[in-house]
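Notes follow the structure.
We did not get these values from a lab; they are worked out from the coordinates using the rules stated. The structure presented is a predicted model; accordingly, all values stated were derived computationally and were not measured. Neighbour counts are summed over all protein chains in view; Cβ atoms, including those assigned to glycine, are modelled from backbone coordinates with ideal geometry.
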Amino acid sequence: MTRSGVIFYPFHLCHERTLQWLLERYQQVHFRDYMAIQVSLFCGTMAFPDRMGDSFPDLLASKRLVQGYNVSGPLKPDTCIAVDRDLTDSTWRELFHRALVENRRFQRGLFDGTDITGRHKDGHVEQPLMVRLKDVSFETTPFTVAGIRQLSRRRLIGREADLFDYGLALLKTSASLVYTIQLATAEQLAVATDSHAHFTLLTRIIERMGFTIENGLVEQGMS
């Protein structure tokens, strides 16, 4: 174990096998708190407020596990600027759309089961939202944080509702990666994930911006 600290991304929890992999390579493993973004006054995202330390109190007490980084609330201006860079980067958008189309785990991190399968708890089945969002036209549709906020303030149906759902998925994904970079820079940490899609997206940001951040991918088969 030669490296000091790493922050896991993009989620606030990880599988026990992933945690073990990280603990074997770093003295400390850091976790953000859940991400609940306030998009506009009456619209936001939700997440479960549990923490890794709830399941591993001994690691928390020994300071091998560090938690408590707040990434909830309204997006700050510098975060909005960074998110807009991703949303206007055609390469990043292509990587995002490919993950949304091909990667079921990536889908589950952004949408609930009904959105993915179209099957409701009462047995009713309709065309899944995910089928519509896989349309290639979404990949090149312009989005900005301001535009997504504007959509969130309106009562939407049809295509506009799908545009908001796609835009919100973009925003959540980018914001989680922007927060990763901000935390890693502030705390002088490496970053690591067990999600290949998020690893690829963050790699694109690091290369585009010229950051010197160690970005690790947990070995396949470990998570």
Stretched out fully, how many nm does the piece from SER62 to GLU102 gain, at 0.36 nm a residue minus the Cα gap? 10.4 nm
Given charges at beta-carbon only (K, R positive; D, E negative), |dipole| of the chain in Debye: 260
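Antiparallel DSSP bridges in the chain: what percent, to the nearest 5?
On the way: 3 of 19 bridges.
DSSP beta bridges in the chain are roughly 15 percent antiparallel.
Tell me which DSSP H helices of the chain clear both cut-offs, 27 Å or more of axial length from alpha-carbon atoms and a mean Kyte-Doolittle hydropathy of at least -0.5. Show your work: numbers first, answer last.
On the way: long enough: 158-187 (44 Å, 0.34).
Sorted by number, the helices that extend far enough and score high enough are 158-187.
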For semi-axes √(5λ) of the Cα gyration tensor in Å, pick the label among (1) 23, 22, 18; (2) 36, 17, 15; (3) 30, 20, 17 that corresponds to the value derived from the coordinates. (3)
Per-residue [θ]222 nm for the chain (sum of -39500 (n - 2.57) over DSSP H runs n ≥ 4, rounded to 500): -14000 deg cm²/dmol
